[in-house]
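What follows is a short report on a single structure.
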2 protein chains.
Amino acid sequence: MTRSTVHARAFMPYPEHPVPHAASGPLQGLSFAVKDLFDVAGYPTSAGQPHMLAQSGIKTRTAPAVQALLNAGAEFVGKTVTDELAFSLNGQNAHFGSPVNGADPLRLSGGSSSGSASAVAHGLCDFALGSDTGGSVRAPASHNGLFGLRPTHGRIDMAGSHALAPSFDVLGWFARDAEVFARVAEVLLQEAPRHQPVRLLMPRELWDLLSAEVRAALQPAMDQLHIKLASAAPSAAPPLNMPLDDLTMAFRLAQGWEAWQVNGEFIRTQQPVLGPGVAQRFEWSSHVTADQYASAQALRTQLKARVLQGLGTDGVWVLPTMPDCAPLISQTDADLEAYRGASLKLLCIAGLTGLPQISLPLARHQGVPLGISLLGPENSDALLVGLARQLAPAV
Amino acid sequence: MTRSTVHARAFMPYPEHPVPHAASGPLQGLSFAVKDLFDVAGYPTSAGQPHMLAQSGIKTRTAPAVQALLNAGAEFVGKTVTDELAFSLNGQNAHFGSPVNGADPLRLSGGSSSGSASAVAHGLCDFALGSDTGGSVRAPASHNGLFGLRPTHGRIDMAGSHALAPSFDVLGWFARDAEVFARVAEVLLQEAPRHQPVRLLMPRELWDLLSAEVRAALQPAMDQLHIKLASAAPSAAPPLNMPLDDLTMAFRLAQGWEAWQVNGEFIRTQQPVLGPGVAQRFEWSSHVTADQYASAQALRTQLKARVLQGLGTDGVWVLPTMPDCAPLISQTDADLEAYRGASLKLLCIAGLTGLPQISLPLARHQGVPLGISLLGPENSDALLVGLARQLAPAV
């Protein structure tokens, strides 16, 4: 796979337009790419959807989060391919193709922030912005061996982006390097990464979902976390006592209802051609009722209270980011859908609760990367980033 | 099917941009649409391909043929969906959808000038521009009950358009009404439509391809042509004595070779996702050799000489535009490919020779339109249009 092919598949081929950045600042010398869900003045925003691209026009304003990076001296190098309307975890787009996995071209990159993860993993830029509604930063971070944060919901301004499900959507980013990751964090979070001793808690319900092989693959990472971040060995988190199937369904219903509120009129009136999976998910979403949404929202409140209670003042969950390493491209759509279902059981907690989760590239399985995650209380983002940096020398 | 759905599926959803036209002129009061293969200042040009759309940028110049229409007082109302890279006869686009057939929403519109034909057939504008490489004006004209001309190759400036196969590509247009069609012709051909008695010739090789039912469906149109345009009944054209399979293959080879010269680098380096059929045809095209191209070009010269000799000074071929009425949307890809193969036997003559062919909406079959065509010598375009107008009162 040549570098130019990797580039062509990660980036949208928009005509270049100068995007000025500050001559100096905390991100001076760093280059970054932006998922094509966020507006950059001088470029369209496709959200990975051709019809959306056609109607976008050239944006005249840059999303404030992107502008903050430019103001901090980072250099914009391009917009990256996203899974269609960000409604996928695969890293495939029926119209704009599949960005190349950073570790193995025979595997999917994960998505929906697929191009951003691919660009960073292949060294085409230092960091890249993505968004995470149901796992769209965490999944590709795990699959490409990158640091990736899903921040506290509402922490980073999402203005100037195409929404999928607003009560879930957050802006996240990727870097290969914890130091770079922390520099970006300080700009976007407006808070310096920090660290303090934490109590590592293992949510057994989630760990029990893994195969013995994946658990074994994550064990060295667990040991590393224990040694570097905590005084005591990880202990069991208080049980959630909420069936994961119920949580996953609540996630699907709440996300689906909101996704249809946001995109339904576009889909109904303009009849864009949607790729496989995406079309079915929107069709399913169109049938979610307001009552189902209300019930799902109530469950979110309950779940958040339980997780926060379990974390206490100094607890941080350690959890697998994904149930396995990146799926092979050759997998069938049905296999991918099953993998998506298994993944959502792990991914849905942060989405439902709005709590921050960082995926760390500390493990490998079948010769390719596998992430492990830390999840903390609201606005513990800077702590999670600080802990990641503390681990960095050994990465 | 609501009017807004028909509109959404015929037109590209670009943000509106004012396109000035002359306050008066021969086309004053007429509205027109432009296949999204021709540049219009203030709009991108997608050629029906999302990657091409992404890299297009906003065009700053209007194609001269479009400008001529604006200068003549016609009002531009939008850009229309084209089959992907114009490399299809179906009227389907895997990324931008399928424009609605003007006569029956259960049938395909035909393509690649699908949106233009659909827009005119549904009365969304008075006329529309398309392009014809292998039948992309004639097929949708036949399938939507419209007048449609494939002009003499080279007669109308193709500057500011995305090429498919330059030695075949021509700009054509559609109208419901022969009078409107003739007004547009006078502007684009820079020659007034004319008429004179013609000798109608039937190329038996082509008529013999039809089923008895389709032949019967075309008989009233034949009678009308005889009564209105010619003193004598149509007679047999001198036989071509060239196997139609050879001609069709020469068409495929020459078109394929040129299509790969034009689009190969884009496809190879940028790896755009191409829809079903289009991907296979480009893949096939990439294997055509320069020798095969040269042989095909030689056959074109030979064919042109024979057709011209057969036409003499006052001869005009009468031929079926298409082997049948528009295919049902529910047909399989394999059935559509077979229909394409049968269609090319009829369509390839004008493409290979560069001679003008007009499709006339004079027949119906299975309750929907079916075209019949006139094909004349080089630069008989204004004559063909004049003959069409002569038929018009009875249409």
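In a shell of Cβ-Cβ distance under 9 Å around B:A163, excluding B:A163 itself, what net charge do Lys and Arg (+1) and Asp and Glu (-1) give?
For residues surrounding B:A163, the net value is -2.
Using Cα-only point scatterers and the Debye equation, what is log10 of I(q)/I(0) for the range B:82-201 at each q in 0.10, 0.16, 0.20 Å⁻¹, rounded to two decimals?
Once normalised to I(0) and log-transformed, intensities are -0.29, -0.72, -1.06.
For the range B:81-111, state which residues have at least 20 Å² less accessible area in the presence of all protein chains than in their chain by itself, taking the probe as 1.4 Å and leaving out ligands, DNA and RNA.
The answer is B:A94, B:H95, B:F96 - residues whose exposure falls by at least 20 Å² when every protein chain is included.
Compute the label-point distances linking B:P64 to its equivalents in the other copies; points lie 7 Å from Cα along Cα→Cβ; give nm, one decimal, shortest first.
Computed spacing set for this position: 5.2 nm.
How many angstrom lie between the Cα centre of the range A:256-289 and the Cα centre of the range B:137-170?
Each part's Cα centre sits 37 Å from the other's.
Hey, which residue of A has the C-beta nearest the axis mapping A onto B, and what's the distance in Å?
Smallest Cβ distance to the axis, with its residue: A:P50, 2.
I'd like to check one number: the per residue accessible area of the range A:1-123, probe 1.4 Å, reported in Å² as a whole number.
30 Å²
Averaged over peptide B:6-12, how many Cβ atoms belonging to another chain are found within 10 Å of each residue's Cβ?
Across B:6-12, the average partner-chain Cβ count within 10 Å equals 2.
Only four residue types carry charge here, +1 at the Cβ of Lys and Arg and -1 at the Cβ of Asp and Glu. Report the dipole size of the range B:1-80 about the Cα centre in Debye, rounded to the nearest 20.
Dipole of the range B:1-80, to the nearest 20 debye: 140 debye.
Would you work out the relative contact order for the range A:323-395, in percent, from Cα pairs under 8 angstrom that are 6 or more residues apart?
It comes to 27 percent, rounded to a whole number.
Could you tell me which of rounded, prolate or oblate describes chain B, using a ≥ b ≥ c as the square roots of the eigenvalues of the alpha-carbon gyration tensor, with rounded for a/c under 1.5 and, failing that, prolate when a/b is larger than b/c and oblate otherwise?
rounded
Shape call for the protein assembly as shown from the C-alpha gyration tensor, a ≥ b ≥ c root eigenvalues: rounded (a/c under 1.5), prolate (a/b greater than b/c) or oblate?
Prolate shape, in that a/c is at least 1.5 and a/b is the bigger ratio.
Normalised by the number of residues in the range A:26-98, what is the relative contact order in percent for Cα pairs under 8 Å and 6+ residues apart?
In percent, rounded to a whole number, it is 39.
Among A:W207, A:G57, B:L303, whose Cα sits farthest toward the positive end of the charge dipole of the protein assembly as shown (+1 at Cβ of Lys/Arg, -1 at Cβ of Asp/Glu, about the Cα centre)?
The residue sitting most towards the positive pole is A:G57.
Which is farthest toward the positive dipole end of the range A:65-198 among A:P193, A:A86, A:S142, measuring Cα position about the Cα centre, with Cβ charges +1 (Lys, Arg) and -1 (Asp, Glu)?
Of the options given, the answer is A:S142.
Partner chain Cβ atoms within 10 Å, averaged over the residues of B:40-53 - can you pull that number for me?
3
Compute the FRET efficiency between B:T60 and A:R268 as 1/(1 + (r/R0)^6), taking r as their Cβ-Cβ distance and R0 = 45 Å, and round to the nearest 0.05.
For B:T60 and A:R268, the calculated efficiency is 0.85.
Once a ≥ b ≥ c are taken as the square roots of the eigenvalues of the Cα gyration tensor of the range B:284-395, is the result rounded (a/c under 1.5), prolate (a/b larger than b/c) or oblate (a/b not larger than b/c)?
Oblate, because a/c is 1.5 or more while a/b does not exceed b/c.
Measuring label to label, 7 Å along Cα→Cβ, what does A:A236 give against each other copy in nm, shortest first?
The projected label point of A:A236 is separated from its counterparts by 9.4 nm.
Sort the following peptides by mean Cβ neighbour count (other Cβ atoms within 10 Å, averaged over residues), highest first: B:69-78, B:320-329.
Averaged packing, sorted descending, gives the order B:320-329, B:69-78.
How would you order B:363-375, A:242-254, A:223-235, B:137-149 from highest to lowest mean count of nearby Cβ atoms within 10 Å?
B:137-149, B:363-375, A:242-254, A:223-235
When ranked by the protection proxy of mean other Cβ atoms within 10 Å per residue, highest first, what sequence do the peptides B:301-313, B:273-285 form?
Result, highest mean Cβ count within 10 Å first: B:273-285, B:301-313.
Based on Cβ point charges of +1 for Lys and Arg and -1 for Asp and Glu, what charge dipole magnitude is obtained for the range B:158-249 about its Cα centre, in debye rounded to the nearest 20?
Roughly 320 debye for the range B:158-249.
Return the FRET efficiency for the residue pair B:E378, B:A216: r is the Cβ-Cβ distance, R0 is 41 Å, and the value is rounded to the nearest 0.05.
Here the calculated transfer efficiency is 0.80.
What are the nm distances, shortest first, from A:A23 to its equivalents in the other copies, labels at 7 Å along Cα→Cβ?
5.2
Accessible area of B:R9, 1.4 Å probe, to the nearest 10 Å²?
50 Å²
Leaving out same-chain residues fewer than 8 places away, which aspartates and glutamates sit with a Cα under 17 Å from that of A:K304?
A:D169, A:E205, A:D245, A:D246, A:D314, A:E378, A:D381
Determine the shielding of peptide B:15-25 by partner chains: average, over its residues, the number of Cβ atoms on other chains within 10 angstrom of each Cβ.
1
So what is the diffusion coefficient of the range A:252-334 in µm² per second by Stokes-Einstein at 25 °C and 0.890 mPa s, using a Kirkwood Rh over Cα pairs?
For these conditions, the coefficient is 154 µm²/s.
Once you list every other residue whose beta carbon is under 15 Å from the beta carbon of B:G312, what net charge do they have if Lys and Arg are +1 and Asp and Glu are -1?
Its environment carries a net charge of +1.
What spacing in nm lies between the two simple spin-label points modelled at B:S4 and B:R194, each 7 Å away from Cα in the Cβ direction?
Computed distance between label sites B:S4 and B:R194 equals 5.0 nm.
For a 30 Å ceiling on Cα separation, which of these pairs sit above it: A:K79/B:K79; B:K35/B:K228; A:K35/B:K79; A:K35/B:K59?
Listed pairs above 30 Å: B:K35/B:K228.
Size of the dipole of the protein assembly as shown about the Cα centre, Lys and Arg at +1 and Asp and Glu at -1 on the beta carbon, nothing else charged, in debye to 20?
Charge dipole of the protein assembly as shown: 260 debye, to the nearest 20.
The values are calculated or read from the model by the stated rules, or taken from the named source; none is laboratory data. Model, not experiment: these values are computed from the prediction. So basically every Cβ, Gly included, is an ideal-geometry build from the backbone, and we count neighbours across all protein chains shown. Heads up: the accessible areas ignore ligands, DNA and RNA and are worked out on the full protein's heavy atoms, side chains in. Shrake-Rupley method; radii C 1.70, N 1.55, O 1.52, S 1.80 Å.
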